[in-house]
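Q: Attaching a single structure in structure tokens format; questions to follow.
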Number of protein chains: 2
Amino acid sequence: MSETPPTKSGEPKRDAAPRRRRPELREEKILLSHGSGGKASHSLIESVFADAFSNSLLDALDDAAVFPVDSGRFAFTTDSHVVSPIFFPGGNIGDLAVNGTINDLAVSGATPLCLSAAFVLEEGFPVEQLRTIVESMAAAASDAGVSIVTGDTKVVHSGKADGVFITTAGIGRVDGRVHIAQSAVQPGDKILLTGPIGDHGIAIMLAREELEIESEILSDTTALNGLVEALINAVGGAVHCMKDPTRGGLATSLNEIAQSSQVCIALEEERIPIREGVRGACEILGLDPFTIANEGKLIAAVAPAASEAALRAMRSHPLGAQSQMIGDALAAPPGIVFLNTRIGGSRVMDMLVGDPLPRIC
Amino acid sequence: MSETPPTKSGEPKRDAAPRRRRPELREEKILLSHGSGGKASHSLIESVFADAFSNSLLDALDDAAVFPVDSGRFAFTTDSHVVSPIFFPGGNIGDLAVNGTINDLAVSGATPLCLSAAFVLEEGFPVEQLRTIVESMAAAASDAGVSIVTGDTKVVHSGKADGVFITTAGIGRVDGRVHIAQSAVQPGDKILLTGPIGDHGIAIMLAREELEIESEILSDTTALNGLVEALINAVGGAVHCMKDPTRGGLATSLNEIAQSSQVCIALEEERIPIREGVRGACEILGLDPFTIANEGKLIAAVAPAASEAALRAMRSHPLGAQSQMIGDALAAPPGIVFLNTRIGGSRVMDMLVGDPLPRIC
């Protein structure tokens, strides 16, 4: 077996010995016994998870997935996902959980190798919905060329969770050409952004039942590892920092970078793409699009000499067609993000305060 | 930086540049804004998690922890923890979550390298309780020589979770001398167990408010990596399979092994240690101690020629002083576990059916 993550295939299982017949799942709703570790857990795992995620590591159903690796630098990350509603325009909690962890690896300059997935299910959750979520996870992982190799399932009483929470973790191999860190931005670096902001947060907000605003806005949930690979192939170590501006939005991510790197970031508002529908919804709801979550956008800080090549590489990728150079890193004042506004003014752009959109991811 | 996991130290941070003053956490209860990714999230992370878990990888607060590795075989695992009550005799959800993932790595023959920790918090959860849990996690990780290098925090509305759920994932380096798998047990192997069963499950059960049984039973939650290392040092590749019998207890774990390895496992009931308090509680509650969860016990299947040496090594370790050789793997009937009872009979020991003890871990 190579380090290449195992992919779904029709190969016979390693264990060719006769096995008991695969248990069937007769229940339509999740029961507490599905989290017991006993027979009901086995039937849930084998009938819902094992087929969808099938690969040689997962199929062994050992306590951990074991695989060979070559020496190098590894990246390791985790995220819990509690998004509400679970199904929303453009995705569901399953592909969001897979893409979110892939993106945390990608923005570290790492090629994702494999993922884990741990489920907390509420008693009574419909098995059909779980199947749909699991199929979305399998599809998202497959699209990104990654396998889900280990997992866990727990069940809590009705009223002690909210349908399903999913925690993914991931391991990736860091590209030897880059040394990405939130603290690595240099004065003079150009700040690039791959496309319009706020789509995910507004899609979730508008999907909540209490709102009656009609909109065509879809979540932008997607895996950024292909785009990141194209960017690194184009400019290598000239990429100093990458970040996907999720919770807290562009404003929070850029403030984190400015503080960690002790630089000032000066943005040009007119260059930051925002869809009309997102802008309109933000105006109606009194929200600042710069603090709204994204789930498929990349911020990159790139050395100035390589910035045009970086922008071309990003625009050449389907997920970066609307990329823009949105600002510059400056030496002072350190730790501050400024926005030069459309109307010719300038204001400090702080990170998100409070929480206008709980449970966005 | 070496592959050795980073340890807590008084070293100055890598980033010696002036930073903003660390935000203080003024709230006594968790608010939705603590999960927003913005300022409140930062104050929670920096005042509760960062100090307790401090190490060079985590302190960078990047999207993923990045560290160098040497080539070899790696193990990767995850578990969600939803135990109720959160605090119980002998431990809490925090050390349980750390030990659980360390043990899944250890029973794969892996030395744990680093862990992730993802928290789902219920709005209103007391910050003091969270601090206690986090300190227990830090202590458990430190005891086992492992660092928590990356994490995540989400908050859901009051009534949409149950205090706190914790999902840990872990990476370990597999010892080159062993090839552990659930499917690797051979007829003739001896089955060894490190101590009395059922302590964790009964401690949780008796801690639930609805029960009025007095008892001194403590959860056995502990990290088994040191014991496993001693065992591998003693007999190396003669260890064919290891498992920590958590949810579903000894009976479920042995059935999983018997089915995966297509062997019969024959047990001697009189050799399986059970504390009097656990036996008594099981009788009162109508529970089978063989299906009750453990969180600090090891099952090992060892080649017969090495089994006495393995038993000595296990007994020489503080966590294995009460180790016993409890049975044998036989060629037939495959996939079945038999118990030769104290009174001279014999019965099939099936895996757990139903769920007498929900939310045990």
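The values are calculated or read from the model by the stated rules, or taken from the named source; none is laboratory data. None of the values given here were measured: they were computed from a predicted structure. FYI the Cβ positions are ideal-geometry reconstructions off the backbone, even for glycines, and counts take in every protein chain you see. Remember, those area values only see protein heavy atoms, side chains included, never the ligands or the DNA or RNA. Shrake-Rupley method; radii C 1.70, N 1.55, O 1.52, S 1.80 Å.
Q: Expressed in nm to one decimal, what extension gain is obtained for the pair B:His157 and B:Ala305 from 0.36 nm per residue of sequence separation less their Cα-Cα distance?
A: 47.5 nm
Q: Go from 0 up to the bin containing the longest alpha carbon distance in the stretch B:23-92, width 10 Å each, and give me the % of pairs per bin.
A: 15, 29, 38, 16, 2
Q: Can you check what the net charge comes to around B:Phe338, using other residues whose Cβ is under 12 Å from the Cβ of B:Phe338 (Lys, Arg +1; Asp, Glu -1)?
A: -3
Q: For helix A:127-143, report the angle its Cα long axis makes with the longest principal axis of the Cα atoms of chain A; keep it between 0 and 90° and round to the nearest 10°.
A: The helix A:127-143 is inclined about 60 degrees to chain A.
Q: Now for a separate question. What whole-number value in cubic angstrom gives the convex hull volume per residue for the C-alpha atoms of the stretch A:238-336?
A: Measuring per residue, one finds 102 Å³ for the Cα hull of the stretch A:238-336.
Q: In degrees between 0 and 90, to the nearest 10, how far off the longest principal axis of chain B does helix B:276-285 point, with axes built from Cα atoms?
A: 90
Q: Can you give the mean number of other chain Cβ atoms that lie within 10 Å of the Cβ atoms in peptide A:103-110?
A: Other-chain Cβ atoms within 10 Å of each residue's Cβ, averaged: 3.
Q: Over chain A, with every protein chain in place, what whole percent of the accessible area is carbon and sulfur at 1.4 Å, could you tell me?
A: Carbon and sulfur atoms account for 49 percent of the accessible area of chain A.
Q: From the P(r) of the stretch B:162-304, can you give the percent of Cα pairs sitting at distances over 22 Å?
A: Tail fraction, whole percent: 45.
Q: What's the ranking of A:259-266, B:143-150 by average number of surrounding C-beta atoms within 10 Å, highest first?
A: Those peptides, ordered most packed to least, come out B:143-150, A:259-266.
Q: Restricting attention to the alpha-carbon atoms of chain B, what are Rg (one decimal) and Dmax (integer), both in Å?
A: 21.6, 74
Q: Want the number for B:Asp350 to B:Arg26: 0.36 nm per residue separation, take away the alpha-carbon distance, what's left?
A: Answer, rounded to one decimal: 111.4 nm.
Q: Inside 10 Å of the C-beta atoms of A:113-126, what's the mean count of C-beta atoms belonging to other chains?
A: For peptide A:113-126, the averaged partner shielding equals 3.
Q: What are the equivalent ellipsoid semi-axes of the protein assembly as shown, built from the alpha-carbon gyration tensor (square roots of five times its eigenvalues), in whole angstrom, biggest first?
A: One finds semi-axes of 46, 26, 24 Å for the protein assembly as shown.
Q: Rounded to the nearest 5, what is the percent of antiparallel bridges among the DSSP beta bridges in the protein assembly as shown?
A: 80
Q: Springs between alpha-carbon pairs under 10 angstrom, Gaussian network model over chain B: which of B:Ile274, B:Ile191, B:Ile343 fluctuates most?
A: Most flexible of the set in this elastic network: B:Ile343.
Q: Continuing with the same structure: About the Cα centre of the stretch B:32-348, what is the dipole size in debye to 20, counting +1 per Lys and Arg Cβ and -1 per Asp and Glu Cβ, all else neutral?
A: 900
Q: Moving on to the next point. At 222 nm, what value in deg cm²/dmol follows for the protein assembly as shown if DSSP H runs of at least 4 each add -39500 (n - 2.57) and the sum is divided by all its residues, to the nearest 500?
A: The per-residue figure over the protein assembly as shown is -8000 deg cm²/dmol.
Q: What spacing in nm lies between the two simple spin-label points modelled at A:Asn340 and A:Asp51, each 7 Å away from Cα in the Cβ direction?
A: Taking the simple label geometry, A:Asn340 and A:Asp51 are separated by 5.9 nm.
Q: Build a GNM of chain A with springs between Cα atoms under 10 Å: which of A:Arg315, A:Arg131, A:Arg73 gets the top mean-square fluctuation?
A: With Cα springs under 10 Å in chain A, the top fluctuation among A:Arg315, A:Arg131, A:Arg73 is at A:Arg73.
Q: For the stretch A:297-358, restrict the atom set to alpha-carbon positions and state the Rg and Dmax in Å.
A: Rg, Dmax (Cα atoms, Å): 14.7, 40.
Q: If one computes P(r) from the Cα atoms of the stretch A:112-180, what percent of pairs lie at distances over 19 Å?
A: 43
Q: Based on DSSP, what percent of beta bridges with both residues in chain A are antiparallel, to the nearest 5?
A: 75
Q: Residues of B:150-158, mean number of Cβ from any other protein chain within 10 Å of their own Cβ, rounded to a whole number?
A: Across B:150-158, the average partner-chain Cβ count within 10 Å equals 6.
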